[in-house]
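Participant: Questions regarding the structure given below will be posed in turn.
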Amino acid sequence: MFSIRHPVRTWYGAGTVEKVREEAEFAGAKTALLFTDKGVVGAGIADRAIAPLRAAGVDVTVYDECAPEPAIGDLESACGRFRKERFDMIVGIGGGSSMDLAKSMSVLFTNPGEPRDYLGVELVPNAGLTCVLIPTTSGTGAEATPNAIFSVPEKGVKLAIVSTRIVPDAAIIDPELTLTLPQKVTAASGVDAFTHCVESFVNPNSSHLSEHYSIRGMELIARSLRRVCEEGSDLEARGDMALGAHYGGVCLTSAGAGAIHALAYPLGARFHIPHGVSNSLMFSHVMKVNYPANPGKFARIAQILGEDTSGLPIEEAAGRSVGAVERLCRDCGVPTRLSEVDVPAHVIPELAEAAFTTQQRLLGFNPKGLSLEDIEKIYRAAA
Ligand SMILES: NC(=O)c1ccc[n+]([C@@H]2O[C@H](COP(=O)([O-])OP(=O)(O)OC[C@H]3O[C@@H](n4cnc5c(N)ncnc54)[C@H](O)[C@@H]3O)[C@@H](O)[C@H]2O)c1
Ligand SMILES: [Fe+2]
């Protein structure tokens with residue numbers, strides 16, 4: 001038994017950002033609230049969605065103050081500022097940070113209470129405003145998922161609103177929008193996308209349907225992540241990454257993530273490390289612990305990453321995935337050790353405690369059960 005959620009309509013291809021106009025017309029929208037950030041505006045990308053909306057006569061209010069890696073307080077501020085106004089449609093154009101704010105706001109116009117009330121699984125009672133999400137990084141897959149992630153500073157962790165009601169009405173994936181993405185963000189968000197495909201693939205909840213997206217996503221990213229890090233103007237490789245990241249989001253909606261994300265969240269929340277980088281720090285170290293739990297799947301990951309595993313015993317072939325992932329991250333210039341990002345060893349017990357106590361939802365999906373001691377050992381191995 002399995003289920004999957006998708007945006008009602010998904011557009012893909014160079015130039016598809018224009019389709020935001022068609023989505024507004026389909027929704028009969030006269031007013032829109034558009035979430036983005038200053039980096040996306042500065043790169044001239046936000047205007048690629050604003051112009052066709054305005055050309056269609058939609059009155060667009062632009063909120064460009066989405067903070068990178070938003071805290072729940074950022075959602076509360078946006079809510080305080082706009083909730084009393086009326087809009088027909090919400091648009092999010094940017095990376096996961098802008099899209100998470102947009103999709104959360106889409107239900108805060110139609111539901112009572114405070115943003116914090118909805119941190120948790122399926123706590124949103126009413127459908128939201130029409131929501132169109134347009135990714136400009138190739139990473140989070142947030143345009144596909146029922147998740148929106150916020151750090152909760154007083155708990156030192158990241159928590160999620162997980163609700164089918166925040167899967168958008170339309171996702172518009174236009175690889176042209178990622179051509180301006182700086183190398184560091186390209187690399188880190190690409191690693192995030194790869195972890196989505198890997199964690200959903202090895203997840204006990206995976207199914208024929210989710211595996212289809214996980215495998216194809218891994219193949220697209222394995223063939224093009226190094227390339228986009230070297231040559232950001234390669235539109236074909238950008239296209240692979242945009243689609244691979246979207247598939248990563250789709251397989252997450254069906255199967256879920258696991259211990260890489262569970263251990264990465266306390267790092268992101270406490271040290272403000274970008275999400276893709278914190279995943280990279282945990283990626284190979286968690287895989288090393290996980291691969292014996294499902295050697296067949298980890299051997300497949302090794303093969304997709306180009307390892308020659310022919311003739312190897314299955315356990316050994318599976319073990320090759322660990323080094324292959326570490327090399328992928330390193331080749332793209334994303335750190336794989338805590339010391340590289342100045343996380344001191346003395347905080348490890350606190351990180352382990354935070355992951356263990358607040359991330360049971362994700363830890364429950366990991367192929368191998370992890371105790372508090374196991375988690376601490378993984379952080380120490382990554383030190
Ligand atoms: N909702 C989900 O399912 C989900 C999944 C994984 C991660 N996340 C969350 O998403 C956030 C991270 O998102 P992200 O990695 O996409 O990065 P981001 O949204 O934080 O953006 C990173 C930086 O890149 C810039 N940028 C984005 N697109 C650009 C472009 N085309 N050209 C130039 N600059 C551009 C932004 O201005 C920003 O400074 C985290 O908060 C993470 O927890 C959400
Ligand atoms: Fe992620």
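Participant: Does the range 31-64 hold any residues that are charged (D, E, K, R) and either without any contact (Cβ under 8 Å) to a residue 24 or more places away in the chain or surrounded by fewer than 15 Cβ atoms within 10 Å (Cβ to Cβ) (or both), and which are they?
Facilitator: Lys38, Asp47, Arg54, Asp59
Participant: On to the next question. Can you tell me which residue among Ile172, Ile161 is within 16 Å of ligand 2 (Cβ to nearest atom) and in contact with a helix residue (DSSP H, G or I) (Cβ under 7 Å, 6 or more places away or on another chain)?
Facilitator: Of Ile172, Ile161, the one residue that is within 16 Å of ligand 2 (Cβ to nearest atom) and in contact with a helix residue (DSSP H, G or I) (Cβ under 7 Å, 6 or more places away or on another chain) is Ile161.
Participant: Scan the range 292-307 for residues that are part of a helix (DSSP H, G or I) and either without any contact (Cβ under 8 Å) to a residue 24 or more places away in the chain or within 23 Å of the chain's Cα centre (by Cα) (or both) and jot them down.
Facilitator: Matches in the range 292-307: Pro295, Gly296, Lys297, Phe298, Ala299, Arg300, Ile301, Ala302, Gln303, Ile304.
Participant: Could you tell me which of the residues Thr10, Thr61, Thr31 is more than 16 Å from ligand 1 (Cβ to nearest atom), within 18 Å of Gly94 (Cα to Cα), modelled with pLDDT of 95 or more and of a type in the set (Val, Ile, Thr)? Please lay out each step first, then the result.
Facilitator: Numbers: Thr10 fails: more than 16 Å from ligand 1 (Cβ to nearest atom); Thr31 fails: within 18 Å of Gly94 (Cα to Cα).
Exactly one of Thr10, Thr61, Thr31 is more than 16 Å from ligand 1 (Cβ to nearest atom), within 18 Å of Gly94 (Cα to Cα), modelled with pLDDT of 95 or more and of a type in the set (Val, Ile, Thr), namely Thr61.
Participant: Among the residues of the range 225-266, write down those that are within 12 Å of ligand 2 (Cβ to nearest atom) and touching a strand residue (DSSP E or B) at 6+ places or on another chain (Cβ under 8 Å).
Facilitator: Hits for the range 225-266 are Ala245, Leu252, Tyr265.
Participant: Now for a separate question. Among (1) away from ligand 1 (no atom under 12 Å from the Cβ); (2) under 23 Å from Ile4 (Cβ atoms); (3) at pLDDT 95 or above, there is one condition Glu230 misses while meeting the rest; what is its number?
Facilitator: (2)
Participant: A follow-up question, please. In this structure, does Leu133 turn out to be in contact with a strand residue (DSSP E or B) (Cβ under 7 Å, 6 or more places away or on another chain), over 21 Å from Leu362 (Cα atoms) and either open to solvent by 10 Å² or more (accessible area, probe 1.4 Å) or at pLDDT below 95 (or both)?
Facilitator: Spelling it out, it is not the case that Leu133 is in contact with a strand residue (DSSP E or B) (Cβ under 7 Å, 6 or more places away or on another chain), over 21 Å from Leu362 (Cα atoms) and either open to solvent by 10 Å² or more (accessible area, probe 1.4 Å) or at pLDDT below 95 (or both).
Participant: Does Thr253 satisfy being within 11 Å of ligand 1 (Cβ to nearest atom) and touching a Phe, Trp or Tyr at 6+ places or on another chain (Cβ under 7 Å)? Spell out the reasoning first.
Facilitator: Details: within 11 Å of ligand 1 (Cβ to nearest atom): yes; touching a Phe, Trp or Tyr at 6+ places or on another chain (Cβ under 7 Å): no.
For Thr253, the condition - within 11 Å of ligand 1 (Cβ to nearest atom) and touching a Phe, Trp or Tyr at 6+ places or on another chain (Cβ under 7 Å) - is not met.
Participant: Which of the residues that make up the range 150-176 are touching an Asp or Glu at 6+ places or on another chain (Cβ under 6 Å) and under 30 Å from Glu236 (Cβ atoms)?
Facilitator: Ala170, Ala171
Participant: Go over the candidates Asn126, Asn147 one by one and state the one that is buried (at least 22 other Cβ atoms within 10 Å of the Cβ), of a type outside the set (Asp, Glu) and either farther than 18 Å from Glu76 by Cβ or within 16 Å of ligand 2 (Cβ to nearest atom) (or both). Give the steps one after another, and end with the answer.
Facilitator: Details: Asn126 fails: buried (at least 22 other Cβ atoms within 10 Å of the Cβ).
After applying the criteria, what remains is Asn147.
Participant: Given Ala222, Ala269, which one is modelled with pLDDT under 95, open to solvent by 10 Å² or more (accessible area, probe 1.4 Å) and not assigned by TED's automatic domain parsing to the domain that holds Asp37?
Facilitator: Ala269
Participant: Further question: Among the residues of the range 289-307, write down those that are closer than 19 Å to Lys377 by Cα and surrounded by fewer than 19 Cβ atoms within 10 Å (Cβ to Cβ).
Facilitator: Answer for the range 289-307, where residues must be closer than 19 Å to Lys377 by Cα and surrounded by fewer than 19 Cβ atoms within 10 Å (Cβ to Cβ): Pro292, Ala293.
Participant: Considering the range 150-184 alone, what residues qualify as being open to solvent by less than 10 Å² (accessible area, probe 1.4 Å), outside any loop (DSSP other than H, G, I, E, B) and among the small types (Gly, Ala, Ser)?
Facilitator: Taking the range 150-184 first, the residues open to solvent by less than 10 Å² (accessible area, probe 1.4 Å) are 150, 152, 157, 161, 163, 166, 168, 170-175, 177-178.
This time we only want the ones that are outside any loop (DSSP other than H, G, I, E, B), so: 150, 152, 157, 161, 166, 170-173, 175, 177-178.
Listed by number, the residues that qualify are Ala170, Ala171.
Participant: Another question, then. Cβ-Cβ below 7 Å, separation at least six or inter-chain, first residue in the range 230-251 and free of Cβ contacts under 8 Å to residues at least 24 places away in the same chain, second open to solvent by 10 Å² or more (accessible area, probe 1.4 Å): which pairs?
Facilitator: Between residues of the range 230-251 that are free of Cβ contacts under 8 Å to residues at least 24 places away in the same chain and residues that are open to solvent by 10 Å² or more (accessible area, probe 1.4 Å), the close pairs are Asp234/Arg227; Ala237/Arg227; Asp240/Arg223.
The values are calculated or read from the model by the stated rules, or taken from the named source; none is laboratory data. Worth saying up front: this structure is predicted, and the values here are computed from it rather than measured. So basically every Cβ, Gly included, is an ideal-geometry build from the backbone, and we count neighbours across all protein chains shown. The area values use the complete protein model at the heavy-atom level, side chains included, leaving out ligands, DNA and RNA. Shrake-Rupley method; radii C 1.70, N 1.55, O 1.52, S 1.80 Å.
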